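This report concerns only the one structure given below.
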Amino acid sequence: MSEDATNFDRRSMLKTLTAGAVCTLAAPGMAHSAPQISAAEFPAFPKGLSPESLAGDESFWAKVALFYDTAQGIVNLEHGYWGKMSRPVQEAYVDNTRMVNTDLSYYARKHYKDDERVSTLKVAKALGAREDEVVLTRNATESIHNLIRQYNRLESDDAILYTDIDYPSFKDTMRWLAASGNLEAVEVKLPAQANQQQILDKYIEAFDKHPNLKLMLLTHVSNQHGLILPVAKISAIAKLRGIDVICDCAQSWGLLDFNITELNVDWAGFNLHKWIGSPVGVGALYMKKGSLKKVSPYPGESDPKNTSVSARVHTATVNFASILTLPAAIDFHNMLGGANKEARLRYLHALWASEARKMPHIEVLGGSDGESCSGMGAFRLVGRTTLEDAKNLQQRLENEFGVFTVVRVGLSSGCCIRVTPQVFTSANDISQLLIALKNLG
């Protein structure tokens, strides 16, 4: 986040995009055409501005927003479900869909595997991983469920750990794993507002209390309220104690600017259709080289030498066009800049959260310091923590103020409303939310 906002070879990137690589054409093995972006079309980055300074430049971000189709009649602050494709990526996806629908099985059986490898290599490079450490999946849920179910180092009376801020489906799967294997299920409850040290202390406390821990689920960014966890520090301590870590990066990649090696984890699941901006239905599974033996191949798959990450999933027929459009999505993401995106989203969160914290009737949830806050956040009315309370609040925001959000369920402290802007969200959109918050008391 400290590098200059212009600290990448923009001219080189624009040459690549104008050559059509933004929509995958330039990738080896890809045999389909794509629309183009010209250098004149993409907004110029103001010289000398850091990502943090650029984050508040509404003129620049208004130009970025022109690359996205805008819904009318509602301020949509629920972009955590999946991400909107930029228009060039959307056009590439339409072209790829048309090609697949025209060539059908002839393409799928003769050429798709080569093109899939191009997309996989693009994802691996963007993550900072080796090609043989990544396999494409349909979503992070598929990736992480497979890791949990196929982990093969548990014995009766071992313990597994998760927290209240984890994705509800993953918590359910961890409970299933415990019940099916006579294991101890340990749930850590994090504070409704927490900083990095408080989070770390909670995990260390759980490690101390449960020396029989063998496996843990560790979320990078909580889908509940956008809390960022100190994954690298927690993972380092866990490894010293012989605890294997499955990292949930479903919401983090693209929301935060990072490299997989920075997290110090052996296994992680990702979505590309959230913050990277790919078509819906694309995820990835990362397994560090040398770590595969602890996770069995998917039932029916064979990998006697434990060298194939692809053997850990079996996706069957996929949306070919979504996979083919991955290079386009990653190129557009890179053109805008991961650090610039993270800074803008954090800025938009701070615009509403800093004001909301001053309102006596509003409780802002998630990070209590800058390191722990992402662009995603959550709130509720003070003392109103039930599901019915949250549903009523969501409806009031939508029907009375024209602001669309979503209810989140799963925190030990109660239900909440999640607020998730995107790079095309304007400061005026956030102002509309603040008007609503002030009038909810």
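The values are calculated or read from the model by the stated rules, or taken from the named source; none is laboratory data. Keep in mind that this is a model prediction, so the values were computed, not measured. All Cβ positions, glycine included, derive from the backbone under ideal geometry; neighbour counts span all protein chains shown.
For ASP69, the conditions (1) of a type in the set (Asp, Glu); (2) assigned to a helix (DSSP H, G or I); (3) within 25 Å of GLN251 (Cα to Cα) are fulfilled apart from (2).
ALA316 falls short of the stated requirement of being surrounded by fewer than 24 Cβ atoms within 10 Å (Cβ to Cβ) and under 30 Å from SER431 (Cβ atoms).
Quick check on ASP95: is it free of Cβ contacts under 8 Å to residues at least 12 places away in the same chain, acidic (Asp, Glu) and buried (at least 16 other Cβ atoms within 10 Å of the Cβ)? Quick ask: steps written out before the conclusion?
Values: free of Cβ contacts under 8 Å to residues at least 12 places away in the same chain: no; acidic (Asp, Glu): yes; buried (at least 16 other Cβ atoms within 10 Å of the Cβ): yes.
For ASP95, the condition - free of Cβ contacts under 8 Å to residues at least 12 places away in the same chain, acidic (Asp, Glu) and buried (at least 16 other Cβ atoms within 10 Å of the Cβ) - is not met.
The set of residues in the stretch 238-261 that are free of Cβ contacts under 8 Å to residues at least 60 places away in the same chain and more than 16 Å from the chain's Cα centre (by Cα) comprises ALA238, LYS239, LEU240, ARG241, GLY242, VAL245. From the list ASN340, ASN334, the one residue that fits, being crowded, with 21+ Cβ neighbours inside 10 Å and among the polar types (S, T, N, Q), is ASN340.
The sole residue among THR405, THR386, THR425, THR420 that is hydroxyl-bearing (Ser, Thr, Tyr), out of contact with any Pro (no Cβ under 8 Å at 6 or more places or on another chain) and farther than 29 Å from PRO230 by Cβ is THR386. Residues in the stretch 378-392 that are touching a residue at least 40 places away in the same chain (Cβ under 8 Å) and surrounded by 21 or more Cβ atoms within 10 Å (Cβ to Cβ): ALA378, PHE379. Within the stretch 354-377, the residues that satisfy the criterion of being in contact (Cβ under 8 Å) with a residue 40 or more places away in the chain and not in a loop (DSSP other than H, G, I, E, B) are GLU355, ALA356, ILE362, GLU363, VAL364, LEU365, GLY366, GLY367, GLU371, SER372, CYS373, GLY377.
The listed residues are LYS305, LYS202, LYS214, and the only one of them that is of a type in the set (D, E, K, R), in contact with a strand residue (DSSP E or B) (Cβ under 9 Å, 6 or more places away or on another chain), in the same structural domain as PHE320 (by TED's automatic domain parsing) and outside any helix (DSSP H, G or I) turns out to be LYS214. Contact map, the stretch 421-441: residues that are surrounded by 14 or more Cβ atoms within 10 Å (Cβ to Cβ) paired with residues that are modelled with pLDDT under 95 and assigned to a loop (DSSP other than H, G, I, E, B), Cβ distance under 9 Å, separation 6+ or inter-chain. Pairs shown: PHE424/THR70.
Scanning the stretch 111-138 for residues that are of a type outside the set (D, E, K, R), in the same structural domain as VAL280 (by TED's automatic domain parsing), assigned to a loop (DSSP other than H, G, I, E, B) and at negative phi gives a single hit, ALA129.
Looking across LEU433, LEU387, LEU381, one residue alone is touching a His at 6+ places or on another chain (Cβ under 7 Å) and at pLDDT 95 or above. It is LEU381.
Let's see how each residue does on (1) surrounded by 15 or more Cβ atoms within 10 Å (Cβ to Cβ); (2) in contact with a Lys or Arg (Cβ under 7 Å, 6 or more places away or on another chain):
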{"position": "LEU127", "(1), (2)": "yes, no"}
{"position": "GLU133", "(1), (2)": "yes, yes"}
{"position": "LEU147", "(1), (2)": "yes, no"}
{"position": "PHE170", "(1), (2)": "yes, no"}
{"position": "ARG175", "(1), (2)": "yes, no"}
{"position": "SER180", "(1), (2)": "no, no"}
{"position": "LYS209", "(1), (2)": "no, no"}
{"position": "HIS225", "(1), (2)": "yes, yes"}
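Residues of the stretch 135-167 that are closer than 19 Å to THR219 by Cα, among the hydrophobic types (A, V, I, L, M, F, W, C) and touching a helix residue (DSSP H, G or I) at 6+ places or on another chain (Cβ under 8 Å): ILE144, LEU147, ILE148, ILE160, LEU161. Residues in the stretch 308-334 that are touching a Leu at 6+ places or on another chain (Cβ under 9 Å) and part of a loop (DSSP other than H, G, I, E, B): SER308, VAL313, THR315, VAL318. Total residues in the stretch 285-302 satisfying the condition of being of a type in the set (D, E, K, R), closer than 18 Å to ILE144 by Cβ and not in a loop (DSSP other than H, G, I, E, B): the figure is 1.
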